[in-house]
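Only the coordinates and a few stated rules stand behind these numbers; no lab work does. A quick note: this is a predicted structure, and the numbers were derived from the prediction, not measured. Positions of Cβ are backbone-derived with ideal geometry, glycine not excepted, and every protein chain shown enters the neighbour counts.
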Amino acid sequence: MSATNSSTDRYRITSIQDLLRNRITSIQDLLCFLLSFFFWSGFIGLPIFFICKAIMNHPETYKVPEFNVIGAQLNRLNYTETNHTLSYNLAFNITLTNPNKKLFFKLTDTQVIAYHQNKRFGLVTLMDRQTSFDQNPNSSSVFNNAVIQGWKPMMFEEPVLPNGDLYNIDVVIAFREKGGGLSGQVMCNLKLPLSFNGTAWNCYKTTKCSKVFYHWGS
């Protein structure tokens with residue numbers, strides 16, 4: 001009887017030891033799993049987190065101002081051969097657009113210069129160096145009723161005549177950012193008839209200006 005009880009006790013002790021050993025093994029497996037999980041989460045997740053944070057906090061790429069000419073009208077372009085004098089009157093509207101999402105422009109010292117046959121014949125100042133204009137991000141402003149007019153003695157290599165019914169007028173917009181940032185010039189190639197009734201040939205026509213040059217620094 002005592003031998004049977006002793007054998008039973010040893011069996012129970014062995015069973016408890018096996019159970020404890022299995023539980024310890026399970027806990028070790030769980031710890032290994034958790035350590036592996038956190039390691040790989042950190043190994044993969046942390047770089048992804050920092051990459052996303054860097055992308056979100058990356059400064060916006062600077063985009064230059066955009067200029068368009070709208071509703072231009074050529075009221076006068078008369079060249080007198082006897083005294084080689086050009087009389088002119090060119091009216092137009094200019095649209096300034098800031099394509100940046102966060103950055104704003106502070107423009108100053110902005111002029112519009114007119115050319116015919118690659119010869120400069122007149123200009124108008126939109127802003128002098130004592131004046132500045134803030135253009136907010138993702139917005140546009142219109143400079144209405146800009147006029148280049150007057151007369152000027154000058155010589156042309158070819159007769160001042162339209163090509164068909166249209167005169168080729170190149171308009172250059174020279175601008176500068178206040179504080180010595182960006183400066184540059186853009187050109188708009190206009191093809192206009194003479195406007196005899198004082199109205200624009202096409203008041204809805206938009207001519208996009210293309211880059212001539214940009215310069216950074218004062």
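Assorted remarks:
- Within the range 84-102, the residues that satisfy the criterion of being more than 21 Å from the chain's Cα centre (by Cα) and surrounded by 14 or more Cβ atoms within 10 Å (Cβ to Cβ) are 86, 87, 88, 89, 90, 91, 92, 93.
- The range 94-135, residues that are within 20 Å of residue 210 (Cα to Cα) and of a type in the set (Phe, Trp, Tyr): 105, 115
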